[in-house]
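One structure is given below, encoded as structure tokens.
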Amino acid sequence: MAPAVFYELYDGDDLVQILMFNGEDTLRLFRGGLCFEVEYEGVTLSDWYKKVQQKG
């Protein structure tokens, strides 16, 4: 089992939200003690993150 993955979303320098996902994939979002299944239109958060890492 992989540990949870956290994404921090910023508006400029301001942290607006922290998202906690299942470490195995980004289709399961945890919030307020509940688990939600995420449906994406286009690229997933993990796909986007991999692309950003490749450019860095």
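Being open to solvent by 80 Å² or more (accessible area, probe 1.4 Å) and either polar (S, T, N, Q) or at pLDDT 85 or above (or both) is the filter here; which residues of segment 33-56 pass it?
Here is the first cut: in segment 33-56, the residues open to solvent by 80 Å² or more (accessible area, probe 1.4 Å) are 33-34, 36-37, 39, 41, 48-51, 53-56.
GLY33, LEU34, PHE36, GLU37, GLU39, GLU41, GLN53, GLN54, listed by residue number.
Considering only residues that are surrounded by 10 or more Cβ atoms within 10 Å (Cβ to Cβ) and either more than 17 Å from ASP47 (Cα to Cα) or not hydrophobic (A, V, I, L, M, F, W, C) (or both), which ones fall in segment 1-14?
TYR7
The values are calculated or read from the model by the stated rules, or taken from the named source; none is laboratory data. Quick caveat, the model's predicted, so the values are computed rather than measured. Heads up, the Cβs are rebuilt from the backbone with ideal geometry, glycines too, and the neighbour counts pull from every protein chain shown. Side chains included, ligands, DNA and RNA excluded: accessible areas come from the protein's heavy atoms. Shrake-Rupley method; radii C 1.70, N 1.55, O 1.52, S 1.80 Å.
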